[in-house]
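For reference, the structure discussed in these notes is given below.
The values are calculated or read from the model by the stated rules, or taken from the named source; none is laboratory data. Source: prediction; values computed, not measured. Here the Cβ positions follow ideal geometry from the backbone for every residue, glycine too, while neighbour counts run over all protein chains shown.
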Amino acid sequence: MNKKLFAIQIVISSMLLSSCSSYYKSVSIDKMDAERKEVPRKFAEVYLEKCADKDYTPFQGFNLSKKLERVITLDSLRKSCSWIEKKYGKVQVKELVSVHTYSRPADFMDVFNFKVATEKSKVPIFLHVGVYRDKNFIDIPFYFDGNENYLAARQKKYRMYKKKNK
């Protein structure tokens, strides 16, 4: 009886595990066109240049989502730039290292992960920029983190939060 129950549990477990997929997947950078890769890079560079120049005027020449437009106000941009300068010093975008997207629910946003050079941090830092596939609208996240994969880092923080608040 125990052997049958054990066999059934193994079969059910293997079916469940095989049907589960990752919450995110990598997107091939090589198959992506150059313009698609250039939009988030240019936005990040302009953002960081504005911070360095203490220029808090609205962004021109980019498709920004309404959500991001509400977040990037004069005051919030000033605070964000101040925080970046205080924590990292001068920041320079180096290279695009990976692109990830949610696999479920099907989302139309890719998160571009750039390696950045900072004057104050000795550990690798990554800048994550969210870009919708429809007309390259830039959205949140615009986020600095030590983890290359933004989606994995957010998922890990969410799990820790859920565990803590049980």
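From the list Ala117, Ala152, the lone residue that is in a strand (DSSP E or B), surrounded by fewer than 18 Cβ atoms within 10 Å (Cβ to Cβ) and of a type in the set (A, V, I, L, M, F, W, C) is Ala117.
Scanning the stretch 107-118 for residues that are modelled with pLDDT of 90 or more and among the charged types (D, E, K, R) gives a single hit, Lys115.
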